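Below: the structure, in structure tokens.
No lab work stands behind these numbers, since they all come straight from the coordinates. A quick note: this is a predicted structure, and the numbers were derived from the prediction, not measured. A quick note on method: Cβ atoms are made from the backbone with ideal geometry, for glycine too, and the neighbour counts reach across all protein chains shown.
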Amino acid sequence: MAAAERLIDSGGPDAASVRAVADAVGTTTRAVYSVFGSKDGMLEALATRLFDFLVVAIDACERTDDPVVDLVEASVRGFRRTALDHPALYSLVFLRVVPDLRFGAEFAEIAERAFGRLEALVQRLSQEGPLDAAGAADASLAVHALTEGLASMELRGALADTGDPEAVWRTSVRTLLDGFAGARDRRVVTGRAADDGCG
């Protein structure tokens, strides 16, 4: 899988043929097929591997008594670091550079496990920080959307001119979390279920 990842990094998904991967590790195509079944099976295994890396990276972030700090760190040192360290795998999963590639049950399971890490961190905002319980599900999706967007921008070089892409990440995630606090406070003051902007 490491050889296939390197091939995709250097030449895109078409470069990671079964023959090329077999040659890169000094084995036969039959050996590669026996492990993955097909090229698509190999690509799915690579996509699954991204979430393995992501779970490890998020779990490695030290937990503090501040849920906001922990979510910012998990976003920057977890999601961002994984995307930058494994751009080929990120492109398979989030940019869908192989549009017809279909993922199976194993991929779905590890992806759900990784998203569960995010949900647990967001849930702490409901219990200890600036978010009410009703907003936890939407907040998880919002953080996911923001971090995925930032990673895609950074990988294509769109944050290079900022001088400090990591600072952009930290500011963006914290601003989003501050917005959750403001939404909660508006609901408390107005007694409304949501601020719909209708005056």
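Quick look at the numbers
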| quantity | calculated |
| --- | --- |
| Quarter of Cα convex hull surface for segment 1-107, i.e. mean projection, nm² | 7.3 nm² |
| Crossing angle, helix 39-59 versus the chain [Cα axis fit, 0-90 degrees, rounded to tens] | 40 degrees |
| Dipole magnitude (debye, nearest 20) for the chain, charges at Cβ of Lys, Arg, Asp, Glu | 320 debye |
| Listed residue (Leu50, Thr28, Ala15) projecting farthest to the positive dipole end of segment 10-63, Cβ model | Thr28 |
| Distance histogram in 10 Å bins (all Cα pairs of the chain, percent per bin) | 8, 30, 29, 19, 9, 3, 1 |
| Extension gain from Asp161 to Asp138, taking 0.36 nm per residue of separation minus the Cα-Cα distance | 5.2 nm |
| Mean residue ellipticity (222 nm) of the chain, computed from DSSP H runs ≥ 4 via -39,500 (n - 2.57), nearest 500 | -22000 deg cm²/dmol |
| Positive-end extreme of charge dipole, the chain - chosen from Ala167, Ala60, Ala151 (charges on Cβ) | Ala151 |
| Counted charge near Ala45, where neighbours are those whose Cβ lies closer than 11 Å (Asp, Glu -1; Lys, Arg +1) | -3 |
